[in-house]
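One structure below.
The values are calculated or read from the model by the stated rules, or taken from the named source; none is laboratory data. Here the structure is a predicted model, which is why all the values come from computation and not from measurement. So basically every Cβ, Gly included, is an ideal-geometry build from the backbone, and we count neighbours across all protein chains shown. Note: accessible area is taken over every heavy atom of the protein model, side chains too, but ligands, DNA and RNA are not part of it. Shrake-Rupley method; radii C 1.70, N 1.55, O 1.52, S 1.80 Å.
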Amino acid sequence: MPRLSNLYLFLYNSLQSLGWALALFKLLCSFVVTESTNGAYASAGELICFLQTVAFLEVIHGAIGLVPSGALFPLIQWGGRTHFLLAIVRGIDEVQELPSVFITFLAWSLSEVIRYPQYALSCLGPCPYWITYLRYTSFIILYPIGVYPGEMWLMYQALPYIKEKHLYGDSLFGLPFSYYNFVQVVLLCYPILWLKLYLHLFKQRKSKLAKPHSKKKM
């Protein structure tokens, strides 16, 4: 009988799978009906914000050893996505209809409707190889699309609005702080942090897709 932790992880990953599948459905329906990418945030933005916020549980899962991933890489991914979503996309109305939002949401949704089912099935036993292969191959294309023409391009496009609106002020806990300068620094650091995560995924891919050695004949 599966352990209680496995049942919890199966439930969590199954609910995330359903949530991201619904987000993908909403995105595609909006695109088909309007023949435009402008409605991406209006159709699925709040749902994606919720799903991504809840995903902080994955950082906790790694930190307490519930899963073997550790906390660092989940935290890097969660922090980057959550800042992008809540501070910029949700916080600046003017950028919500830009094509970069649709590109990002589509790449994320496609990635997650593969990743979470693979995680969920792995909680029950050996996952079908084709799903594992898809999970550790699709990121090669989807991650760069989500980051460069998606997240980074949108943050760059948001800079004039951040400066004009004086977004989030000039202080943080009483310390001098410019969010405009902060986003510029983030844009400089983003490729480095993303590359670290991307290369880590390639290491995982090599490990997860490695075929077991044939047993030696007696």
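Select from the range 84-105 the residues that are surrounded by fewer than 18 Cβ atoms within 10 Å (Cβ to Cβ) and part of a helix (DSSP H, G or I) and list them in ascending order.
Once the filter is applied, which keeps residues that are surrounded by fewer than 18 Cβ atoms within 10 Å (Cβ to Cβ) and part of a helix (DSSP H, G or I), the range 84-105 yields LEU86, ASP93, GLU94, PRO99.
Pairs only if they're at least six apart or on different chains, beta carbon under 6 angstrom, first in the range 176-205 and within 15 Å of HIS166 (Cβ to Cβ), second open to solvent by 60 Å² or more (accessible area, probe 1.4 Å) and of a type in the set (Phe, Trp, Tyr); list them, first residue then second.
Listed pairs, sorted by first residue: TYR179/TYR168.
Test VAL113 against the criterion of being open to solvent by less than 10 Å² (accessible area, probe 1.4 Å) and either closer than 22 Å to SER30 by Cα or basic (Lys, Arg) (or both), and give yes or no. Give the derivation first.
Details: open to solvent by less than 10 Å² (accessible area, probe 1.4 Å): no; either closer than 22 Å to SER30 by Cα or basic (Lys, Arg) (or both): yes.
No: the conditions fail for VAL113.
Restrict the check to the range 165-176 and report whether at least one residue is assigned to a helix (DSSP H, G or I), aromatic (Phe, Trp, Tyr), at pLDDT below 90 and in contact with a helix residue (DSSP H, G or I) (Cβ under 7 Å, 6 or more places away or on another chain).
no
Taking the criterion of being at pLDDT below 95 and among the aromatic types (Phe, Trp, Tyr), would at least one residue in the range 86-107 satisfy it?
no
Is it true that some residue in the range 143-164 is among the basic types (Lys, Arg), at pLDDT below 90 and either open to solvent by 40 Å² or more (accessible area, probe 1.4 Å) or over 15 Å from ARG81 (Cα atoms) (or both)? It would help to see each step written out before you state the result.
Taking the range 143-164 first, the residues among the basic types (Lys, Arg) are 163.
From what's left, at pLDDT below 90: none.
Among the residues of the range 143-164, not one is among the basic types (Lys, Arg), at pLDDT below 90 and either open to solvent by 40 Å² or more (accessible area, probe 1.4 Å) or over 15 Å from ARG81 (Cα atoms) (or both), which makes the answer no.
In the range 30-53, which residues are over 15 Å from ARG90 (Cα atoms) and open to solvent by less than 50 Å² (accessible area, probe 1.4 Å)? Let's see the steps before the verdict.
Start the filter on the range 30-53 by keeping residues that are over 15 Å from ARG90 (Cα atoms), which leaves 30-37.
Correct list: SER30, SER36, THR37.
Checking the conditions here, which among TRP130, TRP108 is assigned to a helix (DSSP H, G or I) and surrounded by 19 or more Cβ atoms within 10 Å (Cβ to Cβ)?
Numbers: TRP130 fails: surrounded by 19 or more Cβ atoms within 10 Å (Cβ to Cβ).
Only one candidate qualifies: TRP108.
Is it fair to say TYR180 is at pLDDT 90 or above, surrounded by 12 or more Cβ atoms within 10 Å (Cβ to Cβ) and of a type outside the set (A, V, I, L, M, F, W, C)?
Values: at pLDDT 90 or above: yes; surrounded by 12 or more Cβ atoms within 10 Å (Cβ to Cβ): yes; of a type outside the set (A, V, I, L, M, F, W, C): yes.
Against the criterion (at pLDDT 90 or above, surrounded by 12 or more Cβ atoms within 10 Å (Cβ to Cβ) and of a type outside the set (A, V, I, L, M, F, W, C)), TYR180 qualifies.
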